[in-house]
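The values are calculated or read from the model by the stated rules, or taken from the named source; none is laboratory data. Because the structure is a prediction, the values reported are computed rather than measured. Neighbour counts are summed over all protein chains in view; Cβ atoms, including those assigned to glycine, are modelled from backbone coordinates with ideal geometry. Ligands, DNA and RNA are stripped out before the accessible areas are found, and what is left, the full protein with its side chains, is counted by its heavy atoms. Shrake-Rupley method; radii C 1.70, N 1.55, O 1.52, S 1.80 Å.
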Amino acid sequence: MKKLKKNILRAAFVLCALFALLLGYGAYTVSVNSNRWFSSTLNVYARQKRQDVIPGRILDRSGVVLASSDGEGERVYPDDEALRRATVHAVGSSAFNMKSSAEYFYAAYLYGSRLSFPERLGYALKGEKYKGDDVVLTIDSALNAYAASLFPQDKKGAAVVMNYRTGEVLCLLSFPNFDPRNTSAAPSGASINRVTQSLMAPGSTFKIVTYASVLENMTDYQSRTFICGGQLQAGNRIITDAGTDLEAGKITQHGALTLREAFLKSCNNTFAQIALELGDAALRRTAESFGFNDNFLFRDLVVENSRYPTSNRTDGEIAWTGAGQSALAVSPLHMCMVASSIANDGTMMEPWMILEARTASGGTRASFSARQYRRPLNAAQAAVLKDAMRGVVTGGTGTAANLSGVKVCGKTGSAEIDGQEQTNAWFLGFLDEPASPYALAVVVEDAGGGGSVSAPIARQIFSWLLSHGY
């Protein structure tokens, strides 16, 4: 009998401990992920409560109102159609469930979920609807409108600008876009935010990661010479460089190259050789240190997880991975974070898009600040990559991004996707200027080479930032 009582007490203790653990986890996840809970389409209670609230306004970092409400709670957008289109993926639309937009992700503030009991009581005594908080974003709407004007009108793609020291997102553009005042005319797929949701091959921009793996795993890289013969047989795959047409007998070959020279020329053969020498495990470790295969749970952005392939790791696939192809899949925002970590001496900051939430009376409900996400490199390694990316812009494939008197660093990419007529054109870059800590990623889908298509767009965005005091 005594033994039975002891067992019952033990079982009761275990059950109590599990219950306490469950309560603790529930409190933690609601606290950390409350925006996700409130904005979830499964939250029927939240949807019903929205009808009793006049939503708060959404403003940019300069105070420009990007969304407000009429007396009935319907959303009102600016008169400038170009501005509405340029900011729609950051602001959101009441007609579309855009998960990474302010309208969706900051709904807890906008729709009054964070009101205190005295505030709710005050509205009840006056017989008024609740008024939601205003949300101030990190984006600059003028920058978004300008950058949108540079983008080829008939192409899909994305552009993102962030402060690499703080992680603040200043520009978030996805194409095709649409007018939130006229969502019936939105083209197919326009509600998808390609900055955060579209996963695609990074092309040669991934050579930044392969280069970083060399710095970590090859002690003799500075004295090494690599030979590019124009084509490399790796398993059942043939690695070639841009401009090669095997059927026509046209082969691009770079000859003997140092690692830095191969990076400037964006030599696929060299980086394929390096990937095979490093081995898949080492290259994957480096990629994962940059956030590949991680579960992104940022405070105020929903970002699709980037993938470094873990199956079908043949020699041919490993070789193409080193050059930025194979089954790699990454979002433009994540690649902007990769560039930002190089610019920021090896520290990758968490991207964020809300500066503060303000009460209807003008007080501060919540304010947000910079947060480190991870540190994939040390400062010395970042300096080597920064120098190489500077060389790409001054004398490599990215010269179209160069600005006189300013240190622009970058990397081009041309990612091949089966079924496309042309490659996706990538450019990653940053200003190596203490007073202007900004990085960007531009990708134009099915458009050609990153050096000829996306690098000029990057140059004009950098020029705008500098001329407007950033």
- Message: Here is a check on your reading of the model: is residue 198 touching an Asp or Glu at 6+ places or on another chain (Cβ under 8 Å), polar (S, T, N, Q) and not in a helix (DSSP H, G or I)?
- Response: yes
- Item | Residues of segment 36-55 classified as open to solvent by less than 60 Å² (accessible area, probe 1.4 Å) and either at pLDDT 95 or above or within 15 Å of residue 128 (Cα to Cα) (or both), total | 3
- Message: With modelled with pLDDT under 95, among the charged types (D, E, K, R) and surrounded by fewer than 19 Cβ atoms within 10 Å (Cβ to Cβ) as the only criterion, which of 220, 241 stands out?
- Response: 220
- Message: Can you tell me which of (1) of a type in the set (A, V, I, L, M, F, W, C); (2) more than 26 Å from residue 320 (Cα to Cα); (3) within 21 Å of the chain's Cα centre (by Cα) is the one residue 379 doesn't meet?
- Response: (3)
- Considering every residue within segment 451-463, establish whether at least one is of a type in the set (Gly, Ala, Ser), part of a strand (DSSP E or B) and open to solvent by less than 40 Å² (accessible area, probe 1.4 Å). no
- Counted residues in segment 382-402 being in a helix (DSSP H, G or I), touching a Phe, Trp or Tyr at 6+ places or on another chain (Cβ under 9 Å) and touching a residue at least 60 places away in the same chain (Cβ under 8 Å) come to 7
- Any residue at all in segment 407-423 that is open to solvent by 60 Å² or more (accessible area, probe 1.4 Å) and assigned to a strand (DSSP E or B)? no
- Only residues in segment 425-443 that are farther than 11 Å from residue 459 by Cα and touching a residue at least 24 places away in the same chain (Cβ under 8 Å) count as the first member; pair them with residues that are aromatic (Phe, Trp, Tyr) and open to solvent by 10 Å² or more (accessible area, probe 1.4 Å), Cβ under 7 angstrom, at least 6 apart or cross-chain, and list the lot. 436/470; 438/470
- Item | Filter pass, residue 149 being crowded, with 20+ Cβ neighbours inside 10 Å, farther than 21 Å from residue 451 by Cβ and of a type in the set (Ser, Thr, Tyr) | no
- Query: Taking interchain pairs and intrachain pairs at least six residues apart, which have beta carbon atoms under 8 angstrom, with the first residue in segment 339-350 and under 16 Å from residue 370 (Cα atoms) and the second modelled with pLDDT under 95 and open to solvent by less than 10 Å² (accessible area, probe 1.4 Å)?
  - Reply: 350/298
- Note on the structure: segment 67-116: helices (runs of 4 or more DSSP H) wholly inside it with 2 or more residues that are under 14 Å from residue 131 (Cα atoms) are 107-110
- Task: Inspect all residues belonging to segment 76-84 and state whether any of them is under 30 Å from residue 446 (Cα atoms) and among the β-branched types (Val, Ile, Thr).
- Result: no
- Answer with yes or no whether residue 143 is hydrophobic (A, V, I, L, M, F, W, C), over 15 Å from the mean Cα position of the chain (by Cα) and surrounded by fewer than 18 Cβ atoms within 10 Å (Cβ to Cβ). no
- Residues satisfying the stated conditions in segment 238-294, i.e. closer than 24 Å to residue 377 by Cα and of a type in the set (Val, Ile, Thr): 258, 270, 274, 286
